[in-house]
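Take a look at the following structure, please.
The values are calculated or read from the model by the stated rules, or taken from the named source; none is laboratory data. Treat the numbers as computed from the prediction; the structure is a model and nothing was measured. Cβ: placed from backbone, ideal geometry, glycine included. Neighbour counts: every protein chain shown. Quick note on the areas: whole protein, heavy atoms, side chains included, nothing else; ligands and nucleic acids left out. Shrake-Rupley method; radii C 1.70, N 1.55, O 1.52, S 1.80 Å.
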Amino acid sequence: QIFNQHNAEAPSLEQAFHRMAQMEPNLDHDVSWFLLPSYWAKMVVALISFLCFANSYDGDFVFDDSEAIVNNKDLRAETPLGDLWYHDFWGSKLSSNTSHKSYRPLTVLTFRINYLFAGGFYPVGFHVINIILHCTISVLMVDVFSILLGGLQFSNKGRRLNLAPKSSLLAALLFAVHPVHTECVAGIVGRADLLCALFFLLSFLGYCKAFRENKEGHTFSVFWVLVSVILGAIAMLCKEQGITILGLNAVFDALVINKINLLELIRKLLHKDKSLENAGLLRKGLLFRITLLMCGGAGILYIRWRIMGTGPPAFTEVDNPASFADSLFVRAVNYNYYYSLNAWLLLCPWWLCFDWSMGCIPLIKSVSDWRIIALAALWFCLIGLICQALCSEDSHKRRILTLGLGFLIIPFLPASNLFFRVGFVIAERVIYLPSIGYCILFTYGFSLLSKQAKKKKILAVAVLGILLINVMRCALRSSQWRSEEQLFRSALSVCPLNAKVHYNVGKNLADKGNQSAAIKYYREAVRLNPKYVHAMNNLGNILKERNELHEAEELLSLAVQIQPDFAAAWMNLGIVQNSLRRFEEAEQSYWTAIKHRKKYPDCYYNLGRLYADLNRHIDALNAWRNATVLKPEHSLAWNNMIILLDNTGNLAQAEAVGREALELIPNDHSLMFSLANVLGKSQKYKESEALFLKAIKANPNAASYHGNLAVLYHRWGNLDLAKKHYEVSLKLDPMAPGTKENYNLLRRKLEQLQKKGG
């Protein structure tokens, strides 16, 4: 559908476009930079953006990737596709009290497609898609910046003209190589920001297409405005920031299409100037399109509100301490300080960190804090830019500065804490879109310097140097994102006061078996944040394994005192109390854990072990059965049921349980071994032998497997095979209990048989 613009008193938009091209100064005239054909410019941007992040292609799943991808059931084929629309980014139900309310179903869908095509959790495919997305976005930036910096004009054939080829290339290169983008590209969960940015830009370019000329004179297309709204909705379904493109489209329409002078408009509104009533351009064109954008945005937000409910996301004080401060002054000052740090990351992206919470940035609580200077500097610069954007007599300058500030500020608003509390202090990923505004302002500043500079080549070399440094910084930072060890250790120098950094370094060391080093980092995490219950829980676990039970109990007791619904800490406390032979307290701790987490198979398993120690066999079997119902692949619970039934003489029941377990977990050699023992005692030698041999094939170095098979052959009368497997068992474990005695008995029997034969 085409909406025609005709007004006798107002100039047509077509005339406005031609006048803009003729009267406004060309930004490229002052920019000392390379001039390349559009195709080659895009190729250069694509290549350089690829080089920046190429070394992240074979990285691991790191940090949030584990929760959003590896542990996210929404990626698996057994989860209905429809569930993605009712779950958050992490796979939890949006209606859950623990949900973060991050609604990004289209991003999760791309993860699911990655998983299906790869046939499992292989990170290479995930990383390659992220790199391709960033390259595509960087190429699109050439077109976007050509419009933002050079204006929007079409040829007689309806083809958009690039009025700022040099400036748009420079701005696109600045965007492509900005190190702050590393988290979005090298971290797989950054896919949300990349997809959001892709549809964000497509929405903007679609909106620009609405003003393409045709044979009937300059018109605007309602169809393309609606396409822009739909693309904005898709951007929001990738990440929440996407909705802000509708506001930016409105700003672009007002400033570039209608060439409104905001200061003049405000003056007329304040003085109730009647000339506004005759502004047909504003009344019939702009207001209609803004109404479409507003209605579309309101509809999108309403649908999202209906799906996710009214409850706010549940964040804790350690996630965003400033938002929990009682004093309005403290909240306002710290929010503004965070803004200044985000601005600094755009200006000087050298100190980068995967997480800025948990004491990384101590709160400003007084005006005497020297860091107040940072937010004063921020507002000094912002106010100066805003004044120039509003008051400058140069319309070209007003337009570029206003668009630069708009793209810098508006996409950042959802992360600003102004409308709702967010779950972070600083997050480098949320600066991906605002960096567009930074690139506009940088390029415009470079053009002003070029205009004044006598030696323009030196200035161009300096900018080339900045680009080269950024490329190297991107490559270095990408390599740090390739593994958790490098990523976490890189944060120690940036945020030494961040308890979460020390916790993650400790966890990584513990996973690799270096418990002594892990203890050091866990203790430091608890020292920095005495209420860090997860660090207490993990430290308590390690101390429990090292048999330092009393300190482990103190830590775990403190953890559940601080967070009474911490189910994992209750279970671990129960394990420690069981080891200390305080059985009643252990049982109570286990049941408290189950109370706070209804579906907790590991806790039922440990509860069953407690009941077995107390000879409460029926209760033990029931607990283990609950564990297998909740988690059918819980091998330890199945094994313990088989062994307990075997030890108590219930061979038929033990056999039935063993067969049931092997149907669910057919390749578990420990289950084969346990069932083989039961079948051997039931004199089902042939079937028992087959299971023993299958278990040995799966795990040939298990001495007990060979030893028990030897016992089977001994009973069965296959003495030569019994001798062979006794010897293998003793070779693998010379101290294997009972094996040496059985072997000696067999040898004596063989000697007796030889004497009789002689």
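Give me a count of the residues in the range 43-69 that are in a helix (DSSP H, G or I), modelled with pLDDT under 95 and of a type outside the set (A, V, I, L, M, F, W, C).
Residues in the range 43-69 being in a helix (DSSP H, G or I), modelled with pLDDT under 95 and of a type outside the set (A, V, I, L, M, F, W, C): 5 in total.
Which residues, counting only those in the range 70-122, are outside any loop (DSSP other than H, G, I, E, B), among the β-branched types (V, I, T) and under 21 Å from G423 (Cβ atoms)? Spell out the reasoning first.
Here is the first cut: in the range 70-122, the residues outside any loop (DSSP other than H, G, I, E, B) are 70, 73-75, 81-87, 93, 105-118.
Cutting the leftovers down to among the β-branched types (V, I, T) gives us 70, 107-108, 110, 113.
If the condition is that a residue be outside any loop (DSSP other than H, G, I, E, B), among the β-branched types (V, I, T) and under 21 Å from G423 (Cβ atoms), then V70, T107, V108 are the ones that fit.
Collect the residues in the range 649-665 that are open to solvent by 60 Å² or more (accessible area, probe 1.4 Å), of a type outside the set (G, A, S) and more than 13 Å from T628 (Cβ to Cβ), keeping them in residue-number order.
Matches in the range 649-665: N650, Q653, R659.
The rows are residues; the columns are (1) of a type in the set (F, W, Y); (2) farther than 21 Å from H181 by Cβ.
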| residue | (1), (2) |
| --- | --- |
| L413 | no, no |
| F420 | yes, yes |
| E428 | no, no |
| S435 | no, no |
| G445 | no, no |
| K454 | no, yes |
| V461 | no, yes |
| G465 | no, no |
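Report whether or not P601 is buried (at least 16 other Cβ atoms within 10 Å of the Cβ) and more than 22 Å from A703 (Cβ to Cβ). Walk me through how you get there before you give the answer.
Working: buried (at least 16 other Cβ atoms within 10 Å of the Cβ): yes; more than 22 Å from A703 (Cβ to Cβ): yes.
Taking the combined requirement at face value, the residue satisfies it.
One line per residue, one yes/no per condition, for (1) out of contact with any helix residue (DSSP H, G or I) (no Cβ under 8 Å at 6 or more places or on another chain); (2) modelled with pLDDT of 95 or more; (3) surrounded by 17 or more Cβ atoms within 10 Å (Cβ to Cβ):
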{"site": "C387", "(1), (2), (3)": "yes, no, no"}
{"site": "R398", "(1), (2), (3)": "no, no, yes"}
{"site": "L408", "(1), (2), (3)": "no, yes, yes"}
{"site": "N417", "(1), (2), (3)": "no, no, yes"}
{"site": "R421", "(1), (2), (3)": "no, no, no"}
{"site": "V425", "(1), (2), (3)": "no, no, yes"}
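Need the failing condition index for L36 against (1) in contact (Cβ under 8 Å) with a residue 24 or more places away in the chain; (2) in a helix (DSSP H, G or I); (3) out of contact with any Phe, Trp or Tyr (no Cβ under 8 Å at 6 or more places or on another chain), just the number.
Going through (1) in contact (Cβ under 8 Å) with a residue 24 or more places away in the chain; (2) in a helix (DSSP H, G or I); (3) out of contact with any Phe, Trp or Tyr (no Cβ under 8 Å at 6 or more places or on another chain) one by one, L36 breaks only (2).
Hey, I132 hits all of (1) in contact (Cβ under 8 Å) with a residue 12 or more places away in the chain; (2) within 20 Å of V44 (Cβ to Cβ) but one; which does it fall short on?
(1)
Quick grid of which residues meet (1) of a type in the set (D, E); (2) within 24 Å of Q241 (Cα to Cα); (3) free of Cβ contacts under 8 Å to residues at least 12 places away in the same chain; (4) in contact with a His (Cβ under 7 Å, 6 or more places away or on another chain):
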{"site": "V70", "(1), (2), (3), (4)": "no, no, no, no"}
{"site": "K73", "(1), (2), (3), (4)": "no, no, no, no"}
{"site": "K93", "(1), (2), (3), (4)": "no, yes, yes, yes"}
{"site": "S99", "(1), (2), (3), (4)": "no, yes, no, no"}
{"site": "V108", "(1), (2), (3), (4)": "no, yes, no, no"}
{"site": "Y122", "(1), (2), (3), (4)": "no, no, yes, no"}
{"site": "H127", "(1), (2), (3), (4)": "no, yes, no, no"}
{"site": "T136", "(1), (2), (3), (4)": "no, yes, no, no"}
{"site": "S155", "(1), (2), (3), (4)": "no, no, yes, no"}
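Now, a different point. Checking the structure you have, find out if any residue of the range 147-161 is within 21 Å of V430 (Cβ to Cβ), out of contact with any strand residue (DSSP E or B) (no Cβ under 9 Å at 6 or more places or on another chain), crowded, with 22+ Cβ neighbours inside 10 Å and at pLDDT 90 or above.
Yes.
Residues that are modelled with pLDDT under 90 and open to solvent by less than 10 Å² (accessible area, probe 1.4 Å): does the range 504-519 have at least one?
Taking every residue of the range 504-519 in turn, none turns out to be modelled with pLDDT under 90 and open to solvent by less than 10 Å² (accessible area, probe 1.4 Å).
Among (1) in contact with a Cys (Cβ under 9 Å, 6 or more places away or on another chain); (2) open to solvent by less than 10 Å² (accessible area, probe 1.4 Å); (3) within 23 Å of C238 (Cβ to Cβ), which single condition is L174 missing?
It fails just one condition, (3).
Name every residue in the range 694-723 that is assigned to a helix (DSSP H, G or I) and under 45 Å from the mean Cα position of the chain (by Cα), in order of residue number.
If the condition is that a residue be assigned to a helix (DSSP H, G or I) and under 45 Å from the mean Cα position of the chain (by Cα), then K694, A695, I696, K697, A698, A703, S704, Y705 are the ones that fit.
Still on this structure, please answer the following. Just a yes or no: is a residue in the range 479-500 farther than 30 Å from N538 by Cα and assigned to a helix (DSSP H, G or I)?
Taking the range 479-500 as the starting set, the residues that turn out to be farther than 30 Å from N538 by Cα are none.
No: the range 479-500 contains no residue that is farther than 30 Å from N538 by Cα and assigned to a helix (DSSP H, G or I).
Yes or no: K740 on the phi < 0 side of the Ramachandran plot and touching a Pro at 6+ places or on another chain (Cβ under 9 Å)?
yes
Further question: Given the conditions (1) within 20 Å of the chain's Cα centre (by Cα); (2) surrounded by fewer than 24 Cβ atoms within 10 Å (Cβ to Cβ); (3) touching a residue at least 60 places away in the same chain (Cβ under 8 Å), report the number of the one that V185 does not fulfil.
The failed condition is (2).
Same structure, new question: Restricting attention to the range 599-652, which residues are part of a helix (DSSP H, G or I) and among the basic types (K, R)?
R609, R625, listed by residue number.
Of the residues that make up the range 341-351, is at least one surrounded by 15 or more Cβ atoms within 10 Å (Cβ to Cβ), small (G, A, S) and either free of Cβ contacts under 8 Å to residues at least 40 places away in the same chain or out of contact with any helix residue (DSSP H, G or I) (no Cβ under 7 Å at 6 or more places or on another chain) (or both)?
Of the residues in the range 341-351, the ones surrounded by 15 or more Cβ atoms within 10 Å (Cβ to Cβ) are 341-346, 349.
Okay, now just the ones that are also small (G, A, S), so 343.
The next check asks that each one be either free of Cβ contacts under 8 Å to residues at least 40 places away in the same chain or out of contact with any helix residue (DSSP H, G or I) (no Cβ under 7 Å at 6 or more places or on another chain) (or both); those that pass are 343.
Yes - at least one qualifying residue is present in the range 341-351.
Looking at L487, is it open to solvent by 10 Å² or more (accessible area, probe 1.4 Å) and under 22 Å from the mean Cα position of the chain (by Cα)? Steps first, answer last, please.
Working: open to solvent by 10 Å² or more (accessible area, probe 1.4 Å): no; under 22 Å from the mean Cα position of the chain (by Cα): yes.
It is false that L487 is open to solvent by 10 Å² or more (accessible area, probe 1.4 Å) and under 22 Å from the mean Cα position of the chain (by Cα).
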